[in-house]
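The values are calculated or read from the model by the stated rules, or taken from the named source; none is laboratory data. Not measured: the values here are computed from a predicted model. Ideal geometry is used to build each Cβ from the backbone, glycine not excepted, and the neighbour counts take in all protein chains shown.
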Amino acid sequence: MLKFQTAGESHGQGLVAILSGLPAGLRIDFDSIDRDLKRRMGGYGRGGRMKIESDTAQFLSGVRHGQTIGSPLAVLIENRDWANWKEAMAVEDRPESRAKYKPLSTPRPGHADLAGSLKFNFRDARYVLERASARETAARVAVGAIARLLLRELGIEVASHVLAVGRVSLPAGSIPFEAVLALKNNDEIVLNCVDREIEQKMKAEVDLATQNRDTVGGVFEVRARGVPPGLGSCAQWDEKLDGQLAQAVMSIQAVKAVEIGAGVENSARFGSEVQDEIGYDREELCFTRKSNRAGGLEGGISNGEEIAVRGFLKPISTLRRPLQSVSFETREPVKAAYERSDVCVVPAAGVAGEAMVGFVLARALLEKFGGDSLEETRRNYTSYLEQVKRF
Ligand SMILES: Cc1cc2nc3c(=O)[nH]c(=O)nc-3n(C[C@H](O)[C@H](O)[C@H](O)COP(=O)(O)O)c2cc1C
């Protein structure tokens, strides 16, 4: 079973991810992983920290001479800012440097500060926010980039783009996969929108939020092309691939709703307008669809069409014009804390979305096709595709 865990605090020494269950013999493209880490740091409306960070993934285990060997991969991403946080985030107890602990006792509405402090019983939300922070998505992006190397070996590509920033959105309609994929070639991520004119309007929305010392959310979409029919299952609730994708995307910090295909819009239409009619191509020997409103998933199973998952982000909760809160110490009303923060993170969340979708698809794929070596996985996969063709 493909699985991963991450560890590390936002201003700690670094982030660690352990990924196990990958078959042996997968070539690791180190550059592609660092490229994704860089894409996660980009985007218009990011805070000052992104200028400090320049993430790279260091492999501590599981890879030899550029390929996986079937043992767990341990990946380290060092925090470049560690030197400035050594005292505040020291592992050892150093009473003499208490003045540098940077406590946060005025919880920010919308962040994990209050709920987490009550849960872990700390009157300093620093203990909680350091882990709740989306810095953790850097580790997920590294894992997702590795998972996507496996998918690529089997002809599956995953890409993301931004559908909306605040009140500005792309008009409804299908965006070709190639246009989404092409965004990855851009040196700078800006707002990762396929339409340059709309992207300018999105930038203006971010500017407005910045001027007002406010923040803005939005919507990203992750698409996966080349996914075979038959991943996931209708047999048990937790085997349903749409449910697994929804959980994975919802787990990204600030994502508050997930949509598969045109799920939200479909709920207000008649059935005849929503279902994707089925045809058959006698030359290619495959079933076809005229539309893909289902987002490639029916009955919790991939149906061979493109997978489309959307993540809806709330605006970031750390505000330069802070909202009302209460002090942990005095219980008096105070303004919530502010520390260096982003204004808009929708494209970066999309990169994290690619990682999570990539991971879930790779896990579903390995669950179905198994294989301790890539050769074995590929053989099982090819044989299944032949079975589907002969159906
Ligand atoms: C890429 C990314 C960057 C983020 N950066 C910030 C930030 O700078 N400041 C902030 O308050 N929240 C930021 N967030 C959101 C918080 O991490 C998130 O709102 C918080 O952990 C509470 O979790 P929840 O919103 O999922 O309930 C970011 C989210 C993502 C996906």
Inset, instruction - Output the residues belonging to segment 316-339 that are within 30 Å of residue 190 (Cβ to Cβ) and loosely packed, with under 12 Cβ neighbours inside 10 Å. - result: 321, 323
Inset, instruction - Might you let me know whether segment 45-56 holds any residue that is within 28 Å of residue 372 (Cα to Cα) and crowded, with 20+ Cβ neighbours inside 10 Å? - result: no
Legend entry - Evaluation of residue 104 against (1) away from the ligand (no atom under 16 Å from the Cβ); (2) under 19 Å from residue 129 (Cα atoms) (one fails), failing number: (1)
Legend entry - Of all residues making up segment 203-228, the number that are within 16 Å of the ligand (Cβ to nearest atom) and either of a type outside the set (S, T, N, Q) or under 30 Å from residue 154 (Cβ atoms) (or both): 11
Inset, instruction - Scan (1) closer than 17 Å to residue 326 by Cα; (2) buried (at least 20 other Cβ atoms within 10 Å of the Cβ) for the single condition residue 124 breaks and write down its number. - result: (2)
Legend entry - For residue 336: the one exception among (1) touching a Leu at 6+ places or on another chain (Cβ under 8 Å); (2) away from the ligand (no atom under 16 Å from the Cβ); (3) within 30 Å of residue 121 (Cβ to Cβ): (2)
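Out of all the residues in segment 124-162, which are within 16 Å of the ligand (Cβ to nearest atom), more than 15 Å from the chain's Cα centre (by Cα) and either closer than 30 Å to residue 208 by Cβ or part of a loop (DSSP other than H, G, I, E, B) (or both)?
First, the residues of segment 124-162 that are within 16 Å of the ligand (Cβ to nearest atom): 125-145, 160-162.
The next check asks that each one be more than 15 Å from the chain's Cα centre (by Cα); those that pass are 125-131.
125, 129, listed by residue number.
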Legend entry - Selection count where residues are away from the ligand (no atom under 16 Å from the Cβ) and within 21 Å of residue 163 (Cα to Cα), scope segment 291-333: 11
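Conditions (1) closer than 19 Å to residue 138 by Cα; (2) modelled with pLDDT under 95, marked per residue:
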residue	(1), (2)
54	yes, yes
59	yes, no
63	no, no
67	no, no
72	yes, no
78	yes, no
81	yes, yes
84	no, yes
92	no, yes
Legend entry - The one condition in (1) surrounded by fewer than 23 Cβ atoms within 10 Å (Cβ to Cβ); (2) more than 24 Å from residue 6 (Cβ to Cβ) that residue 184 fails to fulfil: (2)
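Can you find a residue that is within 16 Å of the ligand (Cβ to nearest atom) and of a type outside the set (A, V, I, L, M, F, W, C) anywhere in segment 281-290?
Step one: of segment 281-290, the residues within 16 Å of the ligand (Cβ to nearest atom) are none.
There is no residue in segment 281-290 that is within 16 Å of the ligand (Cβ to nearest atom) and of a type outside the set (A, V, I, L, M, F, W, C).
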Legend entry - strands (runs of 3 or more DSSP E) wholly inside segment 1-94 containing at least 2 residues that are out of contact with any strand residue (DSSP E or B) (no Cβ under 8 Å at 6 or more places or on another chain): none
Legend entry - Of all residues in segment 340-363 being assigned to a loop (DSSP other than H, G, I, E, B) and within 8 Å of the ligand (Cβ to nearest atom), the one that is surrounded by the fewest Cβ atoms within 10 Å (Cβ to Cβ): 340
Inset, instruction - Give me the pairs, please: first residue somewhere in segment 335-351 and under 15 Å from residue 183 (Cβ atoms), second residue anywhere and within 9 Å of the ligand (Cβ to nearest atom) and of a type in the set (Val, Ile, Thr), beta-carbon distance under 9 Å, and either six or more positions apart or on two chains. - result: 348/137; 349/137; 349/252; 349/255; 351/137
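Quick grid of which residues meet (1) on the phi > 0 side of the Ramachandran plot; (2) surrounded by 20 or more Cβ atoms within 10 Å (Cβ to Cβ); (3) of a type outside the set (Asp, Glu); (4) touching a helix residue (DSSP H, G or I) at 6+ places or on another chain (Cβ under 7 Å):
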residue	(1), (2), (3), (4)
229	no, no, yes, yes
236	no, no, yes, no
241	no, yes, yes, yes
249	no, yes, yes, yes
274	no, no, yes, yes
279	no, no, yes, no
282	no, no, yes, no
296	yes, yes, yes, no
Inset, instruction - Examine segment 167-181 for a residue that is out of contact with any Phe, Trp or Tyr (no Cβ under 6 Å at 6 or more places or on another chain), among the aliphatic types (A, V, I, L, M) and within 11 Å of residue 219 (Cβ to Cβ), and state whether such a residue exists. - result: yes
